[in-house]
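**Student:** Before we start, here is the structure in question, set down as structure tokens.
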Amino acid sequence: MLEEAGFTDITIGEPVDTFGASSGEEKARSFEVYGYAFLARRR
Amino acid sequence: MVESLPVDPDMLREQVQVKYREVALAPDGAYHFHTGRRLAARLGYETAAVDALPDRAVESFAGVGDPFQLRRLEPGERVVDVGSGAGFDSFIAAGQVGPDGHVVGIDMTPEMLEKARCTAAELGLDHVEFREGLAEQLPVDDQWADVVISNGVINLCADKQQVFGEIRRVLRPGGWLQFADIANGRPVPPEALRDIDLWTG
């Protein structure tokens, strides 16, 4: 999606357990939801 | 509703606004996500930068990652923070770009904007401002920004192509998009994608 939108040099960071130990943890685990940092450059 | 979108963008926006109004007014309430200083520590923000901020700047923080993890901002850069909330990431950005830079935080929730503006005034930050607006219609001139940041916002927008198109419009050629967001490792069933309640919690 980022490439289609006109971005390049895309980097994705390591997953972060954003929802761990929160009340949303169970739902997050069921779909393997994690937080990520993204970096991209506008073409 | 735009036919290719799984949910009505206006309805989703209303529900998101209700949720984040709560987070602004009652940051210690019961939410399905962490908030505040504990969340910032979990996500790996620099401790000194967070400790330097007053509680009002941090308590309603509800991001999902660290948009500064892969690239530190450079002094003098012009930054747009999409979905700035109570201003946490905007204030971190302000510290990195310094007084020669400029940070524009954009949010659609008046209660968040009020908190952010109060904090900016308290800190005496002339190079940070907050504007009311939508991620899909950013109130920023074409190619104004060197950098666009965002944290946990784009996943809450129904039309992500529109959002990325707007981000591209406000960035100068060669400018950086650095954002944090959630992604799922397992596919979400179509019926769940159409359940607007699941988008916000």
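Laboratory data are not the source of any read-out in this text; all were calculated from the coordinates shown. Please read all numbers here as calculations on a predicted model, not as lab measurements. Note that each Cβ is placed from the backbone with ideal geometry, even for glycine, and that neighbours are counted across all protein chains shown.
**Student:** Determine which lysines satisfy two conditions relative to residue B:19: a Cα distance under 19 Å, and not lying fewer than 8 residues away in the same chain.
**Tutor:** Answer for residue B:19, where 19 Å is the Cα cut-off: A:27, B:115, listed by chain and number.
**Student:** Let me ask you something else. Throw me the Rg/Rh for the protein assembly as shown, computed over C-alpha atoms with Kirkwood Rh, two decimals.
**Tutor:** 0.93
**Student:** For chain B, give the magnitude of the charge dipole about the Cα centre (Cβ charges: +1 Lys/Arg, -1 Asp/Glu; no others), in debye to the nearest 20.
**Tutor:** 460
**Student:** Hey, can you grab everything whose amide H is under 5 Å from the amide H of residue B:103? Only 5+ residues off in sequence or another chain; H modelled, so Pro and N-termini drop out.
**Tutor:** Distant-sequence amide H within range of residue B:103: B:79, B:128, B:129.
**Student:** Long-range amide H contacts for residue A:33: which residues qualify at under 5 Å (H placed 1.01 Å from N, peptide plane, sequence gap of 5 or more or a different chain)?
**Tutor:** B:185
**Student:** Work out from phi, with θ = phi - 60° and the Karplus expression 6.51 cos²θ - 1.76 cosθ + 1.60, the ³J(HN,Hα) of each residue of segment B:59-72, listed in order in whole Hz, and give x for Gly and Pro.
**Tutor:** These are the phi-based 3J(HN,Hα) values: 4, 9, 5, 9, x, 10, x, 10, x, 9, 5, 8, 7, 7 Hz.
**Student:** Separate question: Treating the angle as unsigned and between 0 and 90°, give the value, to the nearest 10°, between the Cα long axis of helix B:9-25 and the longest Cα principal axis of chain B.
**Tutor:** 50
**Student:** Using θ = phi - 60° and the Karplus form 6.51 cos²θ - 1.76 cosθ + 1.60, what ³J(HN,Hα) does each residue of segment B:172-181 get, whole Hz, x for Gly and Pro?
**Tutor:** 6, x, x, x, 9, 10, 10, 9, 10, 7
**Student:** To continue, here is another question. Give me the angle, in degrees from 0 to 90, between the Cα long axis of helix B:110-123 and the longest principal axis of the Cα atoms of chain B, rounded to the nearest 10.
**Tutor:** 10
**Student:** Rank the residues A:27, B:19 as a footprinting-exposure proxy: fewest other Cβ atoms within 10 Å of their Cβ go first.
**Tutor:** Sorted ascending by nearby Cβ count, the order is A:27, B:19.
**Student:** A further question on this structure: Within segment B:1-77, report the GluC sites (Glu not before Pro) that DSSP leaves as loop and that have at most 14 other Cβ atoms within 10 Å. Each step should come with its number before you reach the end.
**Tutor:** Numbers: sites: B:3, B:14, B:22, B:46, B:59, B:77; in loops: B:3, B:46, B:59, B:77.
Sparse-neighbourhood loop GluC sites (Glu not before Pro): B:3.
**Student:** Taking Cα pairs under 8 Å and at least six residues apart, what relative contact order does chain A come out at, in percent?
**Tutor:** With pairs under 8 Å counted, the relative contact order is 58 percent.
**Student:** Next up: Which one of B:96, B:82, B:53 has its Cα pushed farthest toward the positive end of the charge dipole of segment B:15-146, where Lys and Arg give +1 and Asp and Glu give -1 at the Cβ?
**Tutor:** Of the listed residues, the answer is B:53.
**Student:** Once phi is turned into θ = phi - 60°, what whole-Hz ³J(HN,Hα) does the Karplus curve with 6.51, -1.76 and 1.60 give for every residue of segment B:32-43, x standing for Gly and Pro?
**Tutor:** With coefficients 6.51, -1.76 and 1.60, one gets 7, 10, 6, 9, x, 5, 5, 5, 4, 5, 4, 7 Hz.
**Student:** Moving on to the next point. Whose amide H sits under 5 Å from the amide H of residue B:134, counting only residues 5 or more places off or on another chain, with H placed in the peptide plane?
**Tutor:** none
**Student:** Over chain B, what is the relative contact order in percent, taking alpha-carbon pairs closer than 8 angstrom and at least six residues apart? Can you show the working numbers first?
**Tutor:** Details: 364 pairs, mean separation 46.3, N = 201.
Once divided by the residue count of chain B, the mean separation gives 23 percent.
**Student:** For chain B, take the longest principal axis of its alpha carbons; what is the angle in degrees between that and the long axis of helix B:88-97, to the nearest 10 within 0 to 90?
**Tutor:** The answer is roughly 40 degrees.
**Student:** Also, I was wondering about something else. With a cut-off of 8 Å between alpha carbons and a minimum separation of six or more residues, what is the relative contact order of segment B:22-83 in percent?
**Tutor:** Values: 40 pairs, mean separation 21.5, N = 62.
Across segment B:22-83, relative contact order equals 35 percent.
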